[in-house]
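Working notes, structure below.
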Amino acid sequence: MKTIIVNGTVVDTEPRPHVVPDATVVIEDGVIVSVEPRPDDRAEDRPDDRPDDRAGDSAGGWAGAWEEGTEIIDAAGGIVLPGFVDTHRHVWQSVLRGIAADATLGAYLDLVLGTLTPAFRAEDVYAANLWGAIEALDAGVTTVYDWSHIQLTPGHTDAAVEALRESGVRAVFGYAHRGTGDADRAEDEVRRVRSALLPSDDGLVTPALAAWGPVYGSVEAARADWALARDLGLRVSLHATGAGPVERLHDAGLLGPDVLFVHCNGIPDESLKLVAGSGGTASVAPVVESQMGHGHPETGRLRSSGIATGLGVDTVTDAPGDMFSVMRAAFAAGRAGQAAPELTVSDVLAMATIEGAAAIGMDHRIGSLRPGKQADIVILDAAAPGLAPVHDPVAAIVTAAGTAAVDTVLVGGRVVKRGGRLVGVDMDRARDLAVRTARHVTTQARTTSAR
């Protein structure tokens, strides 16, 4: 199957974000073959048997065929860019949207993990992960790192993975043990999940280990988890802020290029040097960190230390679920109080795409439009209110675009959104499941708390 995207303004991100006007993107069997200026396509040169079906939607909503087996997506008036990479999100919390908007980190942990989590049944996790993945795709997030700490039973785990697969999103499924105690570790479950996802039939959902230690769990548990992950070839992700986490991992000999540090607020400079020296990576969630009191988002310090840094939504309990909001928060935080700010819109777009892909160890497959990579692509309607007129496409993406401008989305070359509408998913069913789950979870939690 071949797909050709024509007439769009292409913004590629490798080696740095740059613009290729009026370009053609050729995709074959889900892989990008080429990105180049559109060849001359004058009507008099067109074969007589090729239909002239150009009178379609102007920004990616039209598709025709120049030849059998080829789909043409006309992106005239559109901006074509790599799909966004969300490096840290608790996808199962999609049904808890806005429930902890004013909460500090401690209050969030008490409410969401302490009170609401036990009310989730396996079917609730399915509904929540499906709705969260749909939300990501609708906003042009083609890859999401699902830091999943809702493994109450194997059934909960299977439901989460099933929903990710059904949605069509590209995902890293980060398995977290059901609790933070040493006794909560379930190595057999980690092995089972790894076996179920590797090899994957479609290659869209891959496994990882989301570790509690040595922050919320013990150093001993961290040692065991790192040994397990490395035995299984899994990357490890952990929440880490302030002094202590990096040092404990360093002392235990656990640092490495397979470790993703989430947040990193207030981590000392010497610790950042240790992470950088080990090849470790980072994920920053600037909206949540600013609102919950984690501290100032550390994009500048991380990147200046040479650490590949991605962006993440984290949780929609108090933050929007789109990368446009996250990019703007990162841009504002990175320039606040700086007499000569170094963070640019180009840096921010890189973090949301190619650098985010590097942070989760997938920059060889996604994050840019380089030939040979998976065709995870977003087309924005550049004529959308609030976005037009476009003077600088990179600046427009970071400072002005929003989910309403996301016209077309492809994951692995497959169209999952066209003409502003998701395709291949029953939206009414997914929304109904999410609403019913939200009602069940909150009602059950209130009932249990009242006892």
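Exactly one residue out of VAL190, VAL144 is within 20 Å of ALA222 (Cα to Cα) and in contact with a helix residue (DSSP H, G or I) (Cβ under 8 Å, 6 or more places away or on another chain), and it is VAL190. Would you point out which residue out of GLY386, GLY402 is out of contact with any strand residue (DSSP E or B) (no Cβ under 9 Å at 6 or more places or on another chain), over 23 Å from ALA133 (Cβ atoms), in contact (Cβ under 8 Å) with a residue 12 or more places away in the chain and not aromatic (Phe, Trp, Tyr)? Exactly one of GLY386, GLY402 is out of contact with any strand residue (DSSP E or B) (no Cβ under 9 Å at 6 or more places or on another chain), over 23 Å from ALA133 (Cβ atoms), in contact (Cβ under 8 Å) with a residue 12 or more places away in the chain and not aromatic (Phe, Trp, Tyr), namely GLY386. Selection over the stretch 312-329 of residues that are part of a loop (DSSP other than H, G, I, E, B) and not polar (S, T, N, Q) gives a count of 8. Remark: pairs (first residue in the stretch 232-251, among the basic types (Lys, Arg) and modelled with pLDDT of 95 or more; second residue open to solvent by less than 60 Å² (accessible area, probe 1.4 Å) and in a loop (DSSP other than H, G, I, E, B); Cβ separation under 9 Å; 6+ apart in sequence or on different chains) = ARG235/ASP258; ARG235/ILE360; ARG235/GLY361; ARG248/GLY213; ARG248/PRO214; ARG248/VAL215; ARG248/LEU254.
Is at least one residue of the stretch 162-177 open to solvent by less than 10 Å² (accessible area, probe 1.4 Å), of a type in the set (D, E, K, R) and in contact (Cβ under 8 Å) with a residue 12 or more places away in the chain? Within the stretch 162-177, one or more residues are open to solvent by less than 10 Å² (accessible area, probe 1.4 Å), of a type in the set (D, E, K, R) and in contact (Cβ under 8 Å) with a residue 12 or more places away in the chain.
Would you be able to tell me the number of residues in the stretch 190-200 that are open to solvent by 30 Å² or more (accessible area, probe 1.4 Å) and in a helix (DSSP H, G or I)?
Here is the first cut: in the stretch 190-200, the ones open to solvent by 30 Å² or more (accessible area, probe 1.4 Å) are 191-192, 194-196, 198-199.
From what's left, in a helix (DSSP H, G or I): 191-192, 194-196.
The total comes to 5.
In the set ALA388, ALA396, which member is farther than 24 Å from ARG414 by Cβ and out of contact with any Leu (no Cβ under 7 Å at 6 or more places or on another chain)?
On the way: ALA396 fails: out of contact with any Leu (no Cβ under 7 Å at 6 or more places or on another chain).
Going through ALA388, ALA396 in turn, just one is farther than 24 Å from ARG414 by Cβ and out of contact with any Leu (no Cβ under 7 Å at 6 or more places or on another chain): ALA388.
Considering the stretch 413-451, and only residues there that are without any contact (Cβ under 8 Å) to a residue 12 or more places away in the chain and outside any helix (DSSP H, G or I), the residue that is farthest from VAL141 (Cα to Cα) turns out to be ARG451. Here ALA332, ALA339 are screened, and the one residue that is surrounded by fewer than 22 Cβ atoms within 10 Å (Cβ to Cβ), out of contact with any Lys or Arg (no Cβ under 6 Å at 6 or more places or on another chain) and part of a helix (DSSP H, G or I) is ALA332.
Is at least one residue of the stretch 392-412 on the phi < 0 side of the Ramachandran plot, in a loop (DSSP other than H, G, I, E, B), of a type in the set (Val, Ile, Thr) and open to solvent by 40 Å² or more (accessible area, probe 1.4 Å)? No: the stretch 392-412 contains no residue that is on the phi < 0 side of the Ramachandran plot, in a loop (DSSP other than H, G, I, E, B), of a type in the set (Val, Ile, Thr) and open to solvent by 40 Å² or more (accessible area, probe 1.4 Å).
Filtered by the rule that a residue be open to solvent by 10 Å² or more (accessible area, probe 1.4 Å), in contact with a helix residue (DSSP H, G or I) (Cβ under 6 Å, 6 or more places away or on another chain) and within 21 Å of PRO268 (Cβ to Cβ), the stretch 228-251 gives ARG248, HIS250. Once the stretch 1-19 is narrowed to residues that are modelled with pLDDT of 95 or more and of a type in the set (A, V, I, L, M), the residue that is nearest to HIS364 (Cα to Cα) is VAL11.
Assessment of the stretch 118-140 against the conditions (surrounded by fewer than 18 Cβ atoms within 10 Å (Cβ to Cβ) and either under 18 Å from GLY361 (Cα atoms) or of a type in the set (Val, Ile, Thr) (or both)) yields no matching residue.
The values are calculated or read from the model by the stated rules, or taken from the named source; none is laboratory data. As the structure is a prediction and not an experimental result, all values here were calculated from the model. Heads up, the Cβs are rebuilt from the backbone with ideal geometry, glycines too, and the neighbour counts pull from every protein chain shown. Remember, those area values only see protein heavy atoms, side chains included, never the ligands or the DNA or RNA. Shrake-Rupley method; radii C 1.70, N 1.55, O 1.52, S 1.80 Å.
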